[in-house]
Amino acid sequence: MSTIPIKPDEIDADLALITRRQTSKTLSCSRESLKRWERQGILTPILIGGSVRYLKKDIIELVHSRRCCRGQRRAKVGAA
């Protein structure tokens, strides 16, 4: 099997992935909250090997829809 090299500027921004830790920090919530939202269908995890990632666009939509973070301070999107 051969691989196709992809340059960073060729990656579609809609497919950008962020880690569970980055997501937790961005949303100012615990990793347990992220896991709960996964069970509730609010977040869709992407499993890569043994790691969990989320689509950055999904996190941005989540912040804008305010389906999470009720009672918490507003998250800064893009802050890492």
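The values are calculated or read from the model by the stated rules, or taken from the named source; none is laboratory data. Quick caveat: nothing in here was measured; it's all calculated off a predicted structure. Here the Cβ is made from the backbone with ideal geometry for all residues, glycine too, and neighbour counts use every protein chain on show.
Computed quantities for the displayed model
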| read-out | value |
| --- | --- |
| Filter pass, T23 being modelled with pLDDT of 90 or more, within 9 Å of the chain's Cα centre (by Cα) and loosely packed, with under 15 Cβ neighbours inside 10 Å | no |
| Pick from the stretch 47-67, criterion surrounded by 13 or more Cβ atoms within 10 Å (Cβ to Cβ) and not basic (K, R), ranking: nearest to A16 (Cα to Cα) | L55 |
| Tally of residues being outside any loop (DSSP other than H, G, I, E, B) and more than 19 Å from S65 (Cα to Cα) across the stretch 23-49 | 5 |
